[in-house]
Amino acid sequence: MKALVLIGGFGTRLRPITYTVPKQLIPVAGKPLLYHVFDLLPRDLEEVVLATGYKAEIVDAYVRAHPPPWPVRTVAEREPLGTGGGMKNAGGGMSDPFFLVNSDVVTALDAGDLLALHRSRGGVGTMTLAEVEDTKPYGVAALGANDRIEAFVEKPDPQDAPSHWINAGVAVWSASVLDRIPSGRPVSFEREVVPGLLAQGLYGYRLRRYWEDAGTPDRMLRAQQLLFADGRGGKGLLPHGALGRGPVAAGRGVVASGASFGPNVTLGDGATVEPGAHVENAIVMEGVVVGREAEVRNSLLGPGVRVAPGRRVVGETLGEGAQT
Ligand code: GDD
Ligand code: MG
């Protein structure tokens, strides 16, 4: 069995950080988002194919330096082909069936259960579904008997959403779906292809655990809270000499003696939080310096950001090298 991971989006909603760092490599609860996605996949896969595009070289170099438990192959798009186009472009030699995973979702699921359900129902695909209040940013499914998906609408207007069960971004598909994707042009799999597959039997696998799409700053911080609460952020101990309350996932060479923390913080390698500063519910990437008596809350700070002493940074997303 193989898996195809879609990882080519621009991460526009996480700019300016994603101008230099691909969304999937932003650290969440101590490691890049992509590696939390890898954790969802079975350990015995034959191969994992990464359909990359935007900042493909950076993803490729990182994955080579931090190899996951299975062989990984990267297939980069020259032009963004969308989700379906990316699947078509990278899908040569896929197993039948294969796992398809969006690389920005945070959840806990048993991929073995998903596969077993797929095999027992015997349709063309089985899509993991999460129940959410606000369906607007997602693909929404209408469910019939045996959780058969009877309609699927990508990002409908709220009044047109057929349910609160949305495509959670982890699915098992028959390899035949790749033949249904036109080649050589951008294709949205969810808009252009999925509705036409319903007649062949598409089923839902309802998630009963947490789920989040980490595609915006608020949702990425929420994803981080969920991962920490699920014990997926390591031990979460406060850095040496720091005060306050974890979980804090600190990288190598962090200096934070005399600083204080609230819960749910990632500190990248070499980050410095000076004495008297406070950091809470935040992602602080490598090399950041938070000056004395400064305060950082509900924020994402890209690599090398410098926060001046005494400054308050609340609800902000700052790109690489920014000074405030
Ligand atoms: N290779 C490639 N090429 N990958 C892409 C491209 C592309 O042109 N565009 C997006 N991707 C990747 C993204 O990196 C992400 O991992 C995944 O495809 C989904 O793209 P998003 O841009 O994050 O889509 P979304 O969040 O608006 O909607 C999708 O995910 C929702 C769940 O999180 C859809 O699949 C929805 O149906 C779903 O509910
Ligand atoms: Mg997304």
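The values are calculated or read from the model by the stated rules, or taken from the named source; none is laboratory data. The structure presented is a predicted model; accordingly, all values stated were derived computationally and were not measured. No Cβ is skipped: glycine too gets one built from the backbone with ideal geometry, and neighbour counts run over all protein chains shown. Just so you know, the surface numbers come from the protein's heavy atoms only, side chains and all, with ligands and any DNA or RNA stripped out. Shrake-Rupley method; radii C 1.70, N 1.55, O 1.52, S 1.80 Å.
The one condition from (1) buried (at least 22 other Cβ atoms within 10 Å of the Cβ); (2) more than 15 Å from the chain's Cα centre (by Cα); (3) under 16 Å from Ala175 (Cα atoms) that Leu81 does not meet is (3).
Go through (1) under 30 Å from Gln323 (Cβ atoms); (2) more than 13 Å from ligand 1 (Cβ to nearest atom) and name the single condition Pro22 misses. Status for Pro22: all satisfied but (2). When the residues of segment 227-253 are filtered to those that are surrounded by fewer than 23 Cβ atoms within 10 Å (Cβ to Cβ) and under 30 Å from Phe10 (Cβ atoms), the one that is farthest from ligand 2 (Cβ to nearest atom) is Arg252. Of the conditions (1) away from ligand 2 (no atom under 16 Å from the Cβ); (2) among the polar types (S, T, N, Q); (3) buried (at least 16 other Cβ atoms within 10 Å of the Cβ), Asn146 satisfies every one except a single condition; which number is it? All conditions are met except number (3). Residues that are of a type in the set (Lys, Arg) and assigned to a loop (DSSP other than H, G, I, E, B) within segment 304-322 comprise just one, Arg311.
Among the helices (runs of 4 or more DSSP H) confined to segment 49-141, the ones with at least 2 residues that are more than 14 Å from ligand 1 (Cβ to nearest atom) are located at 56-65, 111-121. Among the residues making up segment 1-19, those that are within 12 Å of ligand 1 (Cβ to nearest atom) and closer than 19 Å to Glu320 by Cβ are Gly9, Phe10, Gly11, Thr12, Arg13, Leu14, Thr18. Scanning segment 275-324 for residues that are aliphatic (A, V, I, L, M) and open to solvent by 40 Å² or more (accessible area, probe 1.4 Å) yields one hit, Val314. Within segment 169-218, being within 16 Å of ligand 2 (Cβ to nearest atom) and touching a Pro at 6+ places or on another chain (Cβ under 9 Å) holds for Asp213, Gly215, Thr216. Pairs linking a residue in segment 202-215 that is of a type in the set (Ser, Thr, Tyr) to a residue that is away from ligand 1 (no atom under 14 Å from the Cβ) and assigned to a loop (DSSP other than H, G, I, E, B), with Cβ atoms under 8 Å and 6 or more positions apart or on different chains, are Tyr203/Gly123; Tyr210/Ala108; Tyr210/Asp230.
Can you tell me which residues in segment 256-274 are buried (at least 19 other Cβ atoms within 10 Å of the Cβ), not aromatic (Phe, Trp, Tyr) and not in a loop (DSSP other than H, G, I, E, B)? Matches in segment 256-274: Val265, Thr266, Leu267, Thr272, Val273. Within segment 149-182, being aromatic (Phe, Trp, Tyr) and open to solvent by less than 20 Å² (accessible area, probe 1.4 Å) holds for Phe152, Trp173.
All of (1) basic (Lys, Arg); (2) more than 16 Å from ligand 1 (Cβ to nearest atom); (3) assigned to a helix (DSSP H, G or I) hold for Arg43 with one exception: (3).
Residues that are of a type in the set (Lys, Arg) and touching a strand residue (DSSP E or B) at 6+ places or on another chain (Cβ under 9 Å) within segment 2-55 comprise Lys2, Arg15, Lys23, Lys31, listed in sequence order. For segment 242-292, a residue qualifies if it is farther than 25 Å from Arg232 by Cβ and touching a helix residue (DSSP H, G or I) at 6+ places or on another chain (Cβ under 9 Å), but none of them does.
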